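Data first, discussion second: the structure below is written as structure tokens.
Bear in mind that the values in this text are calculations on the coordinates, not laboratory data. Since the structure is predicted, the reported quantities are computational estimates derived from the model, not experimental observations. Ideal geometry is used to build each Cβ from the backbone, glycine not excepted, and the neighbour counts take in all protein chains shown.
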Amino acid sequence: MVASVFIVLMLTVFYELLKIWKITLNDKSSPQSSAVSVSGSRQTLEDTASEPSEPMTPPPGSRKNRWLLFHAVQSLIHIFQVIISYMLMLCVMSYNVWIFLGILIGSGIGYFVGYPLLTKN
């Protein structure tokens, strides 16, 4: 049981860090990345995992390949984020108090560790 709670806790920490990585990549790939403030990133962080973000438009010229790579990476991150969020939902739906507490603590740890990384950018 202890191993299950630990695995779920680590999965939740990974989920939170994945959300922050996705926001960071989105800020770097957008043309107005220097104009994005931390408060805008905080609002994005509070959005749900399955809610689509604004569509990105590829810049003209040779940057199209780079934009396509960023878009592919963001799509893969989104897929992993949705898979992990559904797995965590199923863990909560097991109605096990210890698993639920592991998810809560993992979410707190993941946000505590990841938020300073978000404010650096």
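How much length, in nm to one decimal, is gained on full extension between TRP98 and VAL73, taken as 0.36 nm per residue of separation minus their Cα-Cα distance?
5.6 nm
Can you order the peptides 97-103, 17-23 by their average number of other Cβ atoms within 10 Å per residue, highest first? It would help to have the intermediate numbers written out before the result.
Working: 97-103: 16.1, 17-23: 19.9.
Ranked from most to least packed, the peptides come out as 17-23, 97-103.
A crude spin-label estimate for the pair VAL113 and PHE80, with each label 7 Å from Cα along the Cβ direction, gives 1.4 nm.
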